[in-house]
Amino acid sequence: MAAWGGGSVPGVNLREIGQLVRMKPVELNATRRRLARCHDVRDLRACARRLTPRPVFDYVDGGADEELSMVANREAFTRWRFTPRVLVDVSAPDTSAPLLDRVLPLPLILGPTGYTRMIHPAGEIGVARAAGRYGLPYTLSTMATTSIEDLAAAAADVDRWFQLYLLQDAGLNAELVDRAAACGYRVLVVTVDTVVAGHRSRDRRNGLVIPPELTVRSIASIASRPGYWMRMLRSPAIDFANFAAHRSMTIEQTTAFFSPAITWDDIAALRERWTGKLVIKGPLGAAGARRAVQAGADAVQLSNHGGRQLDRAAPPADLIAEVREAVGPDRCVLVDSGIRHGADIATGIALGADAAVIGRAYLYGLMAGGEPGVDKALRLLATQFRRTLQLLGITSVADLRKHGHELLTRR
Ligand SMILES: Cc1cc2nc3c(=O)[nH]c(=O)nc-3n(C[C@H](O)[C@H](O)[C@H](O)COP(=O)(O)O)c2cc1C
């Protein structure tokens, strides 16, 4: 058959059709083609699932025990319904938000996630660079597969935060904090919900081995996920880059690493040592948040670790209002666990948070397309957030903080 406009098909004038319909340019890059078909974080997740061996996908996607908290986290955002304002000029909504002495273009932070290079070799550096392109902070985990120093060198201009797990070895805690300070990390986030490792049911069932090994099981997945394994085999070995003496410990050994004996005294000691901004991240209700502020925290990050630690822990979104009431209007409140859409960010702010923190949302992007996949996740969330403000009849983040609760109804 002839090309557009060339030949003839009985009863059809191809030349006319050719003038009406514009041919879509063919995208030759497979990653870009894949990402172009993702229209929300759910699409990125579906794409990630197709491309990633099941134990690795489940490591990201799964939660603790019966995954009740993980499911409830989503419901805690999606149960809210909006009654928008109408006939407000929303031609230029201001999505910027002041946060811990900076103004972010969007009230959004990329949270800490361990083992990131196992998920995709672009790893922590790729995620941090994508965050930097959007002017958003990136939090490096204690259990990162890129060291504090290497990330600082590769993402020097990014607003870098460092997340600390308090470990049994007090000397090591002090060393990590000092290294983060020396490398220009701006904010220290202390995670207080991991005194022991959560029971990740899917990891147990899948027999997840970290770092991934070529076992009989995994060889079976090579045929169905060749891209993952090709990338993995071409990349440097995965290890815990922050610990010279424990770089290659297994996931079981990490459990013995965390300190189950941490108390508020440890936070007081950290406050003395760290001169930058301090955030306490964990399952904080009103009493815990008040205590964190008394201990010198500049911000509280309401989190149940995405449902990966204490199953049945309350969804953080449900705690925002009581925590805001407890800490007052000016203390910084962050919320994470369950954020998958720009409307979730808007809901969190309308309920009283200053900004939202994401984990899986960017990791799905990373699995789906490496660094450009993280870009895509951030672009989707930014666009959705802006559109939500406009459709709500809200002109700025400050306006949303002030009046948002008037627009919300609980389903
Ligand atoms: C794969 C994965 C690894 C994580 N690793 C860490 C970590 O090392 N330190 C930490 O404080 N939180 C960690 N988290 C929790 C996140 O920082 C964040 O609290 C959580 O992902 C928010 O929930 P969401 O995934 O539903 O957005 C991890 C989460 C995931 C999914």
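The figures follow:
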item	result
Subset of region 315-350 that is basic (Lys, Arg) and assigned to a loop (DSSP other than H, G, I, E, B) - its residue that is nearest to the ligand (Cβ to nearest atom)	340
Filter result for the condition that a residue is away from the ligand (no atom under 14 Å from the Cβ), part of a loop (DSSP other than H, G, I, E, B) and of a type outside the set (Val, Ile, Thr), over 178, 157, 150	157
Test: residue 382 is at pLDDT 95 or above, closer than 29 Å to residue 47 by Cα and surrounded by 24 or more Cβ atoms within 10 Å (Cβ to Cβ)	no
Qualifying positions in region 293-314 - outside any loop (DSSP other than H, G, I, E, B), more than 9 Å from the ligand (Cβ to nearest atom) and surrounded by 24 or more Cβ atoms within 10 Å (Cβ to Cβ)	300, 302
Near pairs, Cβ below 7 angstrom, 6+ apart or cross-chain, from region 225-244 (touching a residue at least 24 places away in the same chain (Cβ under 8 Å)) to any residue that is of a type in the set (Gly, Ala, Ser) and crowded, with 20+ Cβ neighbours inside 10 Å	241/144; 241/147; 242/144; 242/147
Residue within region 260-270 that is at pLDDT 95 or above, closer than 18 Å to residue 353 by Cα, within 16 Å of the ligand (Cβ to nearest atom) and surrounded by 15 or more Cβ atoms within 10 Å (Cβ to Cβ) present	no
All positions within region 351-374 that are assigned to a helix (DSSP H, G or I) and more than 13 Å from the ligand (Cβ to nearest atom)	368, 369, 370, 371, 372, 373, 374
Strands (runs of 3 or more DSSP E) within region 17-126 that include 2 or more residues within 15 Å of the ligand (Cβ to nearest atom) and within 25 Å of residue 366 (Cα to Cα)	108-110
Tally, over region 334-346, of residues that are closer than 19 Å to residue 403 by Cβ and buried (at least 24 other Cβ atoms within 10 Å of the Cβ)	5
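The values are calculated or read from the model by the stated rules, or taken from the named source; none is laboratory data. Every value quoted in this text rests on a predicted model; they were computed, and no experiment measured them. So basically every Cβ, Gly included, is an ideal-geometry build from the backbone, and we count neighbours across all protein chains shown.
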